[in-house]
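A short write-up of the structure that comes next.
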Amino acid sequence: MSERELFAHSRSPQSGCRHRLEDHLRGSAALARAFAEAFGAGEVAEYLALVHDVGKGCCAWQDRLIFHAEPMGKPVGIPHKEAGTVLAVWTVGRQLAAVVQGHHGGLPDQDKIKDVLAELRGAGQDADRAREATGAVARVVPEILRDDRILPPAWLAGLESPHRRALALDVFTRMVFSCVVDADYLDTAAHFAGGKPRVAVRANMGELLKRFERRRARLLARRAASPVDELRERVYEEALTAAAGVPGMYVLHVPTGGAKTIAAGGFALRHAAEHGLGRVVFAVPYISITQQNADVYRDLLDPPEGSEDGPVVLEHHSSVELDEEDGAGAWAHLAAENWDAPVVVTTTVQLFQSLFARKPSVMRKLHRLAGSVIVLDEVQALPDRLLIPILSVLRDLVEHFGASVVLVSATQPSFWSLAQLEGLPRRGLVKDVTGLFEALRRVRYEWRLGPEVTWESIAGEITSEGGDRVLTIVNTTRDSARLHRLLTGAGDGGVRVSAPVWHLSTRMTAEHRREVIRHVRGELAAGRPVHVVSTSLIEAGVDVDFPRVYRAWAPAEALQQAAGRCNRDGRLLEGGRVVVFRPVDGGVPKDLSYKAAMDASAEFFGPDTSAPDDLDVLGLYYEKRWALQGTDGRSMGEGIQELRRRWDFPAVADEFQMIDNRYAQSVVVIRPEESDEERDIIESDIALLRGRFPSGPGPLRRLQPHMATLPRHEVAAALRAGLAEPVIGDLVVWRGYYDPVRGLDADDPEDRGGYVF
């Protein structure tokens, strides 16, 4: 082997050359070090990247690459992670050796590392190959063999509590893993593209803030004056003043309609500029808000058309699972996002699933959170059953990874009453929260909670009371489709309303939802009649203003968020009307957290108690809601903390699910309304993702607007029925009927192409 040239990857279609193993290891190591310097782990990440592919140095692996994988376009099929894992154990310790062992299949548990060590200590083919590979690679990359150990940062060893140290090491391992796999992917993709790894130049946050301020001033000058403009300006100015504060955990508690999106953006940019932070990440609970906020920030921050500068804002909400254990679709992971942009707008699901995941494609972006401002919008939507691990990780990001976190909500939960934030300073962005709520109270609540309330009775009330601009928000996609059919006369007992009735749910593509929201805003601005039936995706942050809103019974924070879509600009002197109704035939989630929230809401809010915007009562509500879930923390994620302390990454990933796995599958839909040109682009991107060579994240970015979400069992049934086709990972393309109003409506009364399972 001493005279044989070693390769890491097959020939590039661009250059025609194979990827030299020495170049790949050194290139990945340099990138990983640069990424990890942001949190003091440059030497650790550099070494782990340097040894991650050492196992490729044996003759058997090299022969399979050249004579099998390259000509046939198939995986090599010989394990190559173990040799580097052993080197990592010797140099950085067993816990961090998981980074090398997991750089393809995902972070393992500690038992897997023990098994690898035991296997390679003995005799056998795998042990012989690992020793051969190590010797061969050491001839060209001698620094893989070290006599000394690389120690983790001093702050980690300095944590006195063993439990806190174990949890911090969990986060540290994940961040280092992210640096290594992102570096690996970038170096590999560059080889196949025939160029150098693409890493964006660090943005000048001060210049971006100036651009933001100029465009904000122009935007406000064009908007019609509103009675609440003065209060919104006060919120913005106070947020900008607070941005000079030290990095840490901040709270933006402002009523709905208080211009939180702009205030949070101004704070984040100024805070980043003041403290040398390199990125702003905005995370919101619903894709509809992702789209809206991304549009707002693009208008305020992206370079002018025709500029040579690249985009500032990256919108990322695709949740496609790309990693496959068996090596099929070997280049799929290179299509994953790594958030290499100055401003990222994503979903809380994408953010936190990545923080608690184990697969490389999901986690490669995590290191971008170090030294960033993380704005969590609508934090009331964080699931109770995961609050303990979520708050624990956020605290670690603030205390050890140089991040600042902003918790944004009109219905701010009492997070500081929980042990995970005990002792951490709470910094408010605005001063007189109570006064703001009093000044921005713009609605009156009415209640329909009796046993006589049904979908038919609510549909009848909406139509019989008159009024041509009504928003109705319900709890499930099936309920939204059912009520929509009733209001359009399409269902049993239907009562057709005179105004157009629009529909919004995640069963519609992102582009379709964006079109509907844009149209509805235009109709409202013009004073024309319009009705909307929506799931909860519209109630948190979507900027619409109806005089009358109906909200199906839900936890108190959802009721107040829905009220934020009513008389939003305060132009109705008598106030808007929010009708809270509880249909006996309505659907609600059945998990313990949701039941506790509903029970606490029933105790504190209603016609004979308090309105949902009573701040004092809202604080009592949150404490009661959490108390109803037990005192041991098990129902709020303490079990996940125990797994994290054992560094059992697979078990953590299995347990931490922001969304029930049944409702987590993305579907690409080519709507009939698309032009021939757009259809060709979509099909071309699908072909790129299915192709033999890595495509990078471009195709998935372009497909995001065309994705809807379905329960997994419906996707499986569609695949069996020939109504969908696999694309890559768990992504499928829909080939069946798509309703032009309700999207992928499984309960369509007419059998359109067989989509009734």
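The values are calculated or read from the model by the stated rules, or taken from the named source; none is laboratory data. Quick caveat, the model's predicted, so the values are computed rather than measured. Positions of Cβ are generated from backbone atoms using ideal geometry, with glycine treated the same way; all protein chains shown enter the neighbour counts.
Observations on the structure shown:
- Residue in the range 368-384 that is basic (Lys, Arg) and at pLDDT 95 or above present: yes
- Options 727, 733: the member that is over 21 Å from residue 286 (Cα atoms), modelled with pLDDT of 95 or more, touching a strand residue (DSSP E or B) at 6+ places or on another chain (Cβ under 8 Å) and not basic (Lys, Arg): 733
- Some residue of the range 13-22 being in contact (Cβ under 8 Å) with a residue 60 or more places away in the chain and in a helix (DSSP H, G or I): yes
- Spans of helices (runs of 4 or more DSSP H) in the range 228-321 with at least 3 residues within 24 Å of residue 368 (Cβ to Cβ): 260-275, 287-301
- Some residue of the range 80-88 being buried (at least 21 other Cβ atoms within 10 Å of the Cβ), touching a Pro at 6+ places or on another chain (Cβ under 8 Å) and under 24 Å from residue 185 (Cβ atoms): no
- Residue tally, condition farther than 16 Å from residue 185 by Cβ and among the aliphatic types (A, V, I, L, M), over the range 97-119: 6
- Scope the range 196-207; condition free of Cβ contacts under 8 Å to residues at least 12 places away in the same chain and under 30 Å from residue 692 (Cβ atoms); matching residues: 196
- Count - residues of the range 42-75 that are of a type outside the set (A, V, I, L, M), in a helix (DSSP H, G or I) and either in contact (Cβ under 8 Å) with a residue 12 or more places away in the chain or within 16 Å of residue 138 (Cβ to Cβ) (or both): 11
- With respect to (1) crowded, with 22+ Cβ neighbours inside 10 Å; (2) more than 13 Å from the chain's Cα centre (by Cα), the lone exception for residue 377 is condition (2).
- Selection within the range 229-257 - out of contact with any Gly (no Cβ under 9 Å at 6 or more places or on another chain) and closer than 22 Å to residue 295 by Cα: 229, 233, 254
- Filter result (of a type in the set (Val, Ile, Thr) and either at pLDDT below 90 or under 15 Å from residue 226 (Cα atoms) (or both)) within the range 568-592: 588
- Only one of the numbered conditions (1) buried (at least 24 other Cβ atoms within 10 Å of the Cβ); (2) modelled with pLDDT of 95 or more; (3) of a type in the set (Asp, Glu) is violated by residue 396, and that is (1).
- Test: residue in the range 161-180 that is surrounded by 13 or more Cβ atoms within 10 Å (Cβ to Cβ) and in a loop (DSSP other than H, G, I, E, B): no
- Scanning the range 246-253 for residues that are buried (at least 22 other Cβ atoms within 10 Å of the Cβ) and of a type in the set (A, V, I, L, M) turns up at least one hit.
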